[in-house]
Amino acid sequence: MEKAFAEWPQSLWAHNSLQWNFHSLENSESFDVVIVGAGYSGLWSAHHLLNLNPSLSVAILDARQPGFGASGRNGGWCSAFSPMSLEAIAAQSDRLGAIDLQNALVESVDEIGVHIERSGIDCGWHKGGTLSFASSQLQLQRIEDNITMARNFGFDDSFMHYVTPDQAEARVRIRGSHGASYSPHCAALHPAQLVDGLVRQLLSRNVQFFGSTRVTGITPHRITANTSNGEVSVGAKWIVRATEGFTARMKQYRRDVAPLYSYMIATEPLSDTQWNEIGWTNRETVSDGRNLVIYVQRTADGRIAFGGRGAPYKFASQIGSSYDRNPKIHSLIENSMREMFPSVADVAVTHKWGGALGVHRDWFASANVDHKQHLATLGGYVGDGVAFSYVAAKQVAVSIAGARTDHRPLPIVNHTSPQWEPEPLRYVGINSILRLTERADETEKRLGRTNRFIYWLLGKLIP
Ligand SMILES: Cc1cc2nc3c(=O)[nH]c(=O)nc-3n(C[C@H](O)[C@H](O)[C@H](O)COP(=O)(O)OP(=O)(O)OC[C@H]3O[C@@H](n4cnc5c(N)ncnc54)[C@H](O)[C@@H]3O)c2cc1C
């Protein structure tokens, strides 16, 4: 019997994952490395650092508990795709840099899969690839342009290819498909169970976790935090800040990362008959070619988990649990789901939730290591952080450990994004981008054509 939505105030993933309860930092201690943030960025940073130097003493502090942030509540796409297009990466670095980063992301999906399998992390991992459907001729054009871009950078059919409407329907039956692109480089997983598995492993490697420890200040070799025991401080040879969408809460980083909310719903488990109507036997992750991103997975326990971006940005980068639900956006997402999958018309939605992801001013992720200050920061994955955090954390660990490598640093390494504008400009700017993107989709749906003026404006607002 499914519990009613009201009884599940948290995400779908919260009710079959662990509820960690690490105590807060008590008195001044000292570690080789202190990591702020127990999401994937922090956890993978510890993992890679210990692989390079198992004797390091590592502590991970979290304002709440591991997985409280986006890592415990995301759409569970472990994907080799990044928020930055290959052309945008090449423009920031060069063609080779873009190819290197894309290859690193592709490899990361397999490395995460191997790690999960070898270490027996039970998180519903299935690498079925990803389908991006076109539900109009314009979306089809966009999907073909993406494939052409990949080809121009030397990525062939095995990386991504076009599938006809019939071939797409043989995989997943959605309404009004004009075909799709398919790439094998994506897996579906239960995000919170991945967090749990990583925490367990790090505990067995003597990493110390502290919960309810809100870091308020970072200076070289010292962190100050508020805890239930009052203000405490901790010393460290190296500090890694892995706070992504929450970063702006720290005064000193107020304009570094803007939090954007993404929202999700999940259905009750579908019956075999309903699944037979939809197909989807290989659990490919599914999206489509609209401008405002949607992301869908068939969960290991036979539900549809459906997410969408585009919620308004909150003034002064506020985040908080009162924003975890957004009836308007949740209802838009639910409508999109029922439109896309007509056979779930009567299926109950049992969970609705949301969370904040982190965006830099230039929409570019980074993995930065300051060897003078002994401070590393990583994040800004714009909603693509499940695999990306693994790649960024590896770059951070290699740089901190001074490890020799034959590869040149990826373009995200020591990439400095400009700061966000002060308020109210930031509020107006980000919400204009979101509103214009929404308008672009509306125009395409209503008139079947693109609005060039909107794209011109978006080009001015997003560098
Ligand atoms: C609804 C939603 C769906 C998404 N879907 C996908 C998806 O399907 N695929 C994908 O690739 N990406 C997805 N993302 C993005 C992805 O989840 C994130 O990019 C990724 O989890 C970021 O990991 P992180 O460790 O950097 O940050 P988080 O997981 O946000 O972790 C940051 C941690 O830092 C802690 N913290 C913050 N401030 C402080 C402080 N001052 N002191 C101490 N601790 C602090 C927080 O409590 C938190 O636990 C989604 C995001 C959301 C919100």
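What follows draws every value from the coordinates through simple rules; no lab data is involved. These numbers were taken from a predicted model, which means no experiment stands behind them. Every residue, glycine as well, gets a Cβ built from its backbone with ideal geometry; the counts of neighbours run over all protein chains shown.
From the alpha carbon centroid of region 296-369 to that of region 208-246 is 29 Å. Placing +1 on the Cβ of every Lys and Arg and -1 on the Cβ of every Asp and Glu, with no other charges, gives the chain a dipole of roughly 1140 debye about its Cα centre.
Region 60-132 and region 253-272 have Cα centres lying 16 Å from one another. Each of LEU43, LEU375 was scored by other Cβ atoms within 10 Å of its Cβ. Listed from fewest to most, they are LEU375, LEU43.
Quick check on region 48-182: what are the equivalent-ellipsoid semi-axes from the Cα gyration tensor, as sqrt(5λ), descending, whole Å? Mind showing how you got there, number by number?
On the way: eigenvalues 213, 87, 43 Å².
After diagonalising the Cα gyration tensor, the semi-axes are 33, 21, 15 Å.
Counting only DSSP H runs of at least 4 residues, each contributing -39500 (n - 2.57), and dividing by the residue count of the chain, the helix-based mean residue ellipticity at 222 nm comes to -10500 deg cm²/dmol.
List, in order, the whole-Hz ³J(HN,Hα) value for each residue of region 430-446 obtained from phi through the Karplus relation with A = 6.51, B = -1.76, C = 1.60 and θ = phi - 60°; use x for Gly and Pro. My calculation for region 430-446 gives 5, 5, 5, 4, 5, 5, 5, 5, 4, 4, 4, 5, 4, 4, 4, 5, 6 Hz in order. Cβ crowding within 10 Å ranks ASP62, ASP324 as ASP324, ASP62, fewest other Cβ atoms first. Taking only the alpha carbons of region 130-183, we obtain Rg and Dmax values of 10.7, 33 Å in that order. Once Rh for region 98-165 is found with the Kirkwood sum over Cα pairs, what is the Stokes-Einstein diffusion coefficient at 10 °C and 1.306 mPa s, in µm²/s? Here the translational diffusion coefficient equals 112 µm²/s. Remark: spin-label model distance ARG95-ASN229 equals 5.8 nm, labels positioned 7 Å along the Cα→Cβ axis. Taking Cβ atoms as reference points and 12 Å as the exclusive limit, the residues near SER28 contribute a net charge of -2, counting Lys and Arg as +1 and Asp and Glu as -1.
Put simply, the Cα atoms of region 326-367 extend 44, 18, 18 Å along their principal axes, the longest span coming first. Each label was represented as a point 7 Å from its Cα along the Cα-to-Cβ direction; for ASP301 and GLU107 these points are 3.6 nm apart.
For the residue pairs LYS237/LYS372; LYS251/LYS314; LYS127/LYS445; LYS328/LYS352; LYS251/LYS328; LYS237/LYS394, the C-alpha atoms sit more than 22 angstrom apart in LYS127/LYS445; LYS251/LYS328. Its Cα gyration tensor gives the chain an equivalent ellipsoid, and the semi-axes of that ellipsoid, as √(5λ) in whole Å with the largest first, are 34, 25, 22.
Among LEU270, LEU378, LEU189, LEU52, the order by Cβ neighbours within 10 angstrom, fewest to most, reads LEU52, LEU270, LEU189, LEU378.
Dividing the convex hull volume of the alpha carbon atoms of region 310-463 by its residue count gives 186 Å³ per residue. About its Cα centre, region 130-183 has a charge dipole of approximately 220 debye under the convention of +1 per Lys or Arg Cβ and -1 per Asp or Glu Cβ, with nothing else charged.
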